[in-house]
Amino acid sequence: MKTVHEADALAKTNRVNMLFDFYEKLLTEKQQTFLKYYFHDDYTLGEIAAEFDISRQAVYEHVKRAEAVLESYESKLQLLAKHETAERLLNELDRLTEQAAVQNELGTELHKLAQRFRAHVQGVT
């Protein structure tokens, strides 16, 4: 069983990775690199510091600054929030159309439409 701290760390990593997916191109090359190493590739601060021949503290500051930039973009653009809302709505649409599909042909057609819409949205984001 995961501790609260581990669950929080995982949630933070997932959030940063999602924000990175949306805003990667808006970051500097250095910010992109450090975030990839730290959050995606699971390098430690010390490993990144050794790789780039800088202090662990410098890596920490770069990572924290890049996280703040991602959160700033999200607060202004809300791309992740909109994506999460769309996912929730799609899940609800799927649930309702599956129920309707059991009841009639129109439900089947609605279910097919919902699936096509989901594929489209997931292909775009």
Subject >> Members of the stretch 1-25 found to be more than 19 Å from residue 42 (Cα to Cα), part of a helix (DSSP H, G or I) and more than 15 Å from the chain's Cα centre (by Cα), listed by number >> reply: 4
Original post:
Does the stretch 98-112 hold any residues that are open to solvent by 60 Å² or more (accessible area, probe 1.4 Å) and in contact (Cβ under 8 Å) with a residue 12 or more places away in the chain, and which are they?
Top reply: 98, 110
Original post:
Hey, among the residues in the stretch 72-97 that are among the charged types (D, E, K, R) and exposed (fewer than 14 other Cβ atoms within 10 Å of the Cβ), which one's nearest to residue 39 (Cα to Cα)?
Top reply: 84
Subject >> Scope the stretch 19-54; condition touching a helix residue (DSSP H, G or I) at 6+ places or on another chain (Cβ under 6 Å) and over 26 Å from residue 81 (Cβ atoms); matching residues >> reply: 37, 43, 45, 46, 48, 49
Original post:
For the stretch 49-76, what are the residues that are touching a residue at least 12 places away in the same chain (Cβ under 8 Å) and within 15 Å of residue 13 (Cβ to Cβ)?
Top reply: 63, 66, 67, 70, 71
Subject >> Residue ranges of helices (runs of 4 or more DSSP H) in the stretch 55-125 with at least 3 members modelled with pLDDT of 95 or more and hydroxyl-bearing (Ser, Thr, Tyr) >> reply: 56-77
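The values are calculated or read from the model by the stated rules, or taken from the named source; none is laboratory data. Here the structure is a predicted model, which means the values were calculated and not measured. When we count neighbours, we look across all protein chains shown, and the Cβ atoms used for this are built from the backbone with ideal geometry, even at glycine. Keep in mind that these areas ignore ligands, DNA and RNA; they rest on the heavy atoms of the full protein, side chains included. Shrake-Rupley method; radii C 1.70, N 1.55, O 1.52, S 1.80 Å.
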